[in-house]
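Below is one structure, written out as structure tokens; the observations come after it.
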Amino acid sequence: MAPLNINFDRYQGFIFDLDGTLIDSMPYHIRAWQQVANEHGFSITPDFIYDRGGCSSHNIVLDMQKEGNDVGDVNAFVQRKVQLYREHIQEVPLFDSIFAILKQAHERGAKTAIGTGTQRKNAVDILAIHQISHLVDVIVSADDVTAHKPDPMTYLEACRQMGCPVEACLVVEDGKPGIQAAAAAHMDCLVVDRGQFVQLNKG
């Protein structure tokens, strides 16, 4: 499954980013972001969103605003995007290779968490849709922290709730802000790209 030789058994806790890491949702997010941007009279590229994987929706809209785009009311922009994404949430698939890590960790008694920049209801619903809620001990979402990735708060809070020391936890991430957050938390990070293992960054 992996080109990297990773001893997953050495970790007591696993923290999975959600969008683009555990679930193949980025095409759905991009489509929703682009539609709302078009409704506001401007366009964005897929790379604009990929580069901000793991960021909160609010901060993504602020970045659009910083580039000179008229986003109108930021909260309304975010709510419209969330509405469009959730219309297709039932269609979003898992990445099988990443799900296998989650399942195996749970089966051997390790703690598991979702550490995501999305809203809690999206994380809860995705786990329910795929009938895997019982495999996840902790969810730390954008609603649960005051500082978002690349700040390490999401991952540090997940460690705290799991009751695992930082050095015994592995972050699984695809987005640049999330990878930076793992480094700031001094946590090992398995970098993935569309379900493929890329590299293991040591904390």
Conditions first: (1) closer than 21 Å to Phe99 by Cα; (2) modelled with pLDDT of 95 or more; (3) touching a Ser or Thr at 6+ places or on another chain (Cβ under 6 Å). Val145 passes all but one, so which condition is the exception? (1)
Across the range 54-72, which residue is surrounded by the fewest Cβ atoms within 10 Å (Cβ to Cβ) among those that are of a type outside the set (A, V, I, L, M, F, W, C) and at pLDDT below 95? His58
I'm trying to understand the selection: among the residues of the range 159-173, which are within 13 Å of the chain's Cα centre (by Cα) and among the hydrophobic types (A, V, I, L, M, F, W, C)? Val171, Val172
Which members of the range 73-93 meet the condition of being of a type in the set (S, T, N, Q) and loosely packed, with under 12 Cβ neighbours inside 10 Å? Asn75, Gln83, Gln90
Strands (runs of 3 or more DSSP E) lying entirely in the range 91-203 (those with 2 or more residues that are closer than 14 Å to Leu18 by Cα and in contact (Cβ under 8 Å) with a residue 12 or more places away in the chain): 111-115, 138-140, 169-173, 188-193
Subset of the range 75-87 (residues that are farther than 25 Å from Ile15 by Cα and either of a type in the set (A, V, I, L, M, F, W, C) or not in a helix (DSSP H, G or I) (or both)): Ala76, Phe77, Val78, Leu84, Glu87
Options Gly68, Gly53, Gly72, Gly41: the member that is in a loop (DSSP other than H, G, I, E, B) and touching a Pro at 6+ places or on another chain (Cβ under 8 Å): Gly53
How many residues of the range 12-26 are part of a loop (DSSP other than H, G, I, E, B) and either over 21 Å from Gly163 (Cα atoms) or not assigned by TED's automatic domain parsing to the domain that holds Arg120 (or both)? The answer is 5
In the set Lys121, Lys176, which member is surrounded by fewer than 21 Cβ atoms within 10 Å (Cβ to Cβ), under 12 Å from the mean Cα position of the chain (by Cα) and modelled with pLDDT under 95? Lys176
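The values are calculated or read from the model by the stated rules, or taken from the named source; none is laboratory data. This one's a predicted model, so the numbers in the text were calculated from it and none came from an experiment. Methodologically, a virtual Cβ is constructed for each residue, glycine included, from the backbone with ideal geometry; neighbour enumeration extends over all protein chains shown.
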